[in-house]
Amino acid sequence: MALLDGLRVLDLTMWRPGPYATQLLAQLGADVIKVEPPGGEPMRAFRSHFDLLNQRKRSIELNLKDDAGRDRCLELARTAEVFVEGFRPGVADRLGVGHEALRAANPALVYCSLSGYGAEGPLAHVPGHDVNYRAYASALPQDAVSPGDELPVADMAAATMAAFAITAACLKARATGTGDRIDLGMADVLANWAGTVPATSGPTTTGPAGTGPPTTGAARAGGPVPGYGIYPTRDGHKITLGVVSEERLWAATCGALGLPEHAGVPFAARLGRVAELDADVAAAVARLTRDEAVERLTAAGAPVAPLLTRAELMDHDHFRERGVIGDGTVGSPVRTLAHPPLPPGPVAELDGHRGQGWGADRLTD
């Protein structure tokens with residue numbers, strides 16, 4: 001028997017982070033029912049990718065905007081132990097499958113929301129993709145000029161953390177009959193990781209753990225599509241843009257940067273004009289300071305993030321407000337409602353709890 005045999009998981013996620021999290025559970029024996037929208041998850045168009053993230057799951061197709069589809073989803077949720085969604089903050093509530101509605105019908109339900117910056121906080125409604133979350137979390141080198149071809153670190157890290165948090169919450173729910181709401185932001189997880197790396201000294205230190213000034217004058221290396229990548233600003237800093245195929249994000253970016261002539265160019269056409277369009281984006285960003293660029297692009301609803309140093313990360317209001325970092329140390333990247341994580345505390349001495357067994361008082365302040 002697998003570790004999670006009998007765990008019932010209702011999975012409403014798409015693309016990469018959520019499906020990887022629920023696949024981790026499925027691989028340990030959980031019974032995962034994947035709820036897909038009419039026509040199926042868009043990732044099915046990329047079967048080589050989709051198949052790697054959706055093994056050992058069952059699939060049902062439901063239209064949550066239709067009464068019958070929503071009712072069927074709620075029926076399944078009433079007997080599930082876990083519900084996982086990856087919508088933008090507020091969307092699940094509008095669809096009638098939000099945390100409060102589901103846990104009112106099933107108090108033992110573990111409800112996990114997985115999003116870019118979490119359901120609450122100053123950045124909660126800012127759109128983004130992997131490169132933006134890495135930038136805010138100081139998880140890109142300060143001398144980076146391209147996001148590169150690395151693993152999608154934020155996506156995979158958050159998925160792994162979600163699987164861990166879900167499992168922990170299920171242990172508590174089975175013992176007490178009370179479930180929980182997990183609010184997990186991808187940027188939170190990377191901020192937690194970066195915060196555990198000690199700051200290094202020296203005026204020229206760069207990189208995720210560095211506290212020195214960013215490299216200046218680096219050349220812009222184009223990303224895979226216009227408006228995706230790392231862009232130097234006038235004051236020697238850098239921002240990241242995370243436009244992929246979304247027409248609204250491209251239009252918002254062009255509007256904020258004073259490029260109205262490019263705002264209406266559709267995705268397919270942009271792919272044929274990458275060098276030209278990205279050069280115009282880079283030139284527009286280069287005329288602004290980092291703060292000006294972030295302010296303008298954020299106000300327009302564009303996926304932007306400043307490339308922060310570790311010191312800037314540790315002082316950022318979003319992560320401090322969410323309890324991810326604070327007072328020079330790191331908290332938990334997992335936010336739960338009924339059973340909140342313990343705050344940072346003392347470190348045990350080697351063998352300091354000899355003779356204690358299960359149920360013994362935990363280490364406290």
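We did not get these values from a lab; they are worked out from the coordinates using the rules stated. Quantities reported herein were computed from a predicted structural model and do not represent experimental measurements. Every residue, glycine among them, receives a Cβ derived from its backbone with ideal geometry; neighbour counts consider all protein chains shown.
Before moving on, here are some points about what is shown:
- Using C-alpha pairs under 8 Å with a sequence gap of at least 6, the mean separation divided by the residue count of segment 215-306 gives a relative contact order of 37 percent.
- Judged by the ratio a/c of the largest to the smallest principal axis of the C-alpha gyration tensor, segment 3-104 counts as oblate, that ratio being 1.5 or greater while a/b is no larger than b/c.
- The relative contact order of the chain comes to 16 percent, based on Cα pairs under 8 Å that sit 6 or more residues apart.
- Cα-based reach from Lys57 at 28 Å (exclusive), listing lysines while leaving out same-chain residues under 8 positions away: Lys34, Lys65, Lys172
- Nearest-ten-degree value, helix 274-286 long axis tilted from longest Cα axis of the chain: 80
- Between Val110 and Val82, Phe83, Asp180, the built amide H atoms are under 5 Å apart, and every one of these is 5 or more places off in sequence or on another chain.
- The chain shape via C-alpha gyration tensor axes, a/c threshold 1.5: oblate
- Rounded to 10°, Cα long-axis angle of helix 17-26 versus longest principal axis of the chain: 30
- Taking amide H atoms as placed 1.01 Å from N in the peptide plane, the amide H of Leu307 lies under 5 Å from those of Lys238, Ile239, Thr240, each 5 or more residues away in sequence or on another chain.
- Segment 1-119: relative contact order as a whole-number percent, Cα under 8 Å and 6+ apart: 27
- Burial order of peptide ranges 135-146, 171-182 (average beta-carbon count within 10 Å, highest first): 135-146, 171-182
- Gyration tensor (alpha-carbon) shape descriptor, segment 8-192, a/c threshold 1.5: prolate
- Once the Cα atoms are used to define both axes, helix 290-300 deviates from the longest principal axis of the chain by about 60 degrees.
- Spatially proximal aspartates and glutamates relative to Lys238 (Cα-Cα < 17 Å; intrachain offsets below 8 disregarded): Asp130, Asp143, Asp278, Asp280, Asp291, Glu292, Glu295, Glu312
- Distant-in-sequence amide H partners of Met14 (H built 1.01 Å from N, under 5 Å): Gly86
- Glu100-Leu28 pseudo-label distance in nm [points 7 Å out on the Cα-to-Cβ vector]: 3.1
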